[in-house]
1. Output the relative contact order of the stretch 99-180, whole-number percent, from Cα pairs under 8 angstrom with separation of 6+ residues.
2. If amide hydrogens are placed 1.01 Å from N in the peptide plane, which non-local residues have theirs closer than 5 Å to the one on Ala119?
3. Multiply the residue separation of Arg256 and Asp91 by 0.36 nm, subtract the distance between their alpha-carbon atoms, and state the gained length in nm to one decimal.
4. Using modelled amide H (1.01 Å from N, peptide plane; none on Pro or chain starts), what sits under 5 Å from the amide H of Thr243, excluding residues fewer than 5 places away?
5. Pull out the extension gain between Gln263 and Arg27, defined as 0.36 nm times the separation in residues minus the alpha carbon to alpha carbon distance; nm, one decimal.
6. So for the stretch 2-248, averaging the separation of alpha carbon pairs under 8 Å that are six or more residues apart and normalising by length, what relative contact order in percent results?
7. How big is Rg to Rh over the stretch 2-248, alpha-carbon atoms, Rh as the Kirkwood inverse-mean-distance radius?
8. May I ask for the net charge around Thr243, where only other residues with Cβ less than 9 Å from the Cβ of Thr243 are counted and Lys, Arg are +1 while Asp, Glu are -1?
Amino acid sequence: MFFHAHPDDEALLTAGTMAMLAAEGHRVVLVVATAGERGLAEMEPGEELGETRMKELYTSAAVLGCARVECLGYGDSGLSPKGGSADERPDNAFIDADSEEAAKALAAILQEERADLLAIYDPAGGYGHPDHVQVHRVGKRAAQIAGTEIVLEATVNRDPLVRLLKLASRFYTFPPEFDVRTFESAYSPGESITHRVNVRKYTKQKRASMAAHASQASGGDSDRTLAVLLKVPRPLYRFVFGTEWYVRRGLPEGTRLRHPFEQWPK
């Protein structure tokens, strides 16, 4: 089971792993906490963003081979640090949810599916989105309740990422949401990463998963992150996005595993 905050998050961090596990015959379940209704997008008159993003999520899930998609039904807390002021958020914002109650809802799905593995985010929530941090808290607790043994924190090796972004910023002006400085404390350092999963065989599905979230490639005053990533030439895309990173807590320092179900020799 892969637990994400909003539709499109699965495309960015775990799509290759999901496609790989589905191709290997595993039952893959995708759960999101919210419908992402507070995201930026250019909508047609009469369209609701949350409904549109959920439709996009189902398209993405189909491309990746998911057997089931669920939404916990919480409100999108928005992009502001800590969700902004309380009066800016919906009444049921995910970051205001009772963590134990949310964890029990997720644990019920874990138990129903008899899931062997749960993928969440690292404690920083990747780049710090408040809903992503809440995913970490809720997911970690849900795994405890359900007795799910393997919990992987989806992340990015920030060491080469920061070097690459600093180099790229000399030649390209990134959109405002892509502040290079925020990545210096985002995600996880390479030394803490336990799993480096080679998903190059599945970058076609990963790219299609990104493309499914068309609403998130527009909106705002400049190119959105997804739009920028989808412009990467296919051979380079396969190289850049051909690895997905995870941290599993409690393993010995220096652990280097290549598959989500690979076990450290005891």
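The values are calculated or read from the model by the stated rules, or taken from the named source; none is laboratory data. Please read these numbers as outputs of a predicted model, since none were measured by experiment. Cβ coordinates were reconstructed from backbone atoms using ideal geometry, including for glycine residues, and neighbour counts include every protein chain displayed. The accessibility values were calculated without ligands, DNA or RNA, using every heavy atom of the protein model including side chains. Shrake-Rupley method; radii C 1.70, N 1.55, O 1.52, S 1.80 Å.
1. Computed over the stretch 99-180, the figure is 32 percent.
2. Under 5 Å from the amide H of Ala119: Phe2, Phe3, Leu152.
3. Numbers: separation 165, 0.36 × 165 = 59.40 nm, distance 4.27 nm.
Using 0.36 nm per residue and subtracting the Cα-Cα distance, I get 55.1 nm.
4. When sequence neighbours closer than 5 places are left aside, the close amide H contacts are Val199.
5. Values: separation 236, 0.36 × 236 = 84.96 nm, distance 1.95 nm.
Stretched out fully, the Gln263 to Arg27 stretch lengthens by 83.0 nm.
6. On the way: 452 pairs, mean separation 61.1, N = 247.
Contact order relative to length: 25 percent.
7. On the way: Rg = 17.0 Å, Rh = 18.2 Å.
Rounded to two decimals, Rg over Rh is 0.93.
8. Values: positive: Arg196, Arg200; negative: Glu244.
Local net charge: +1.
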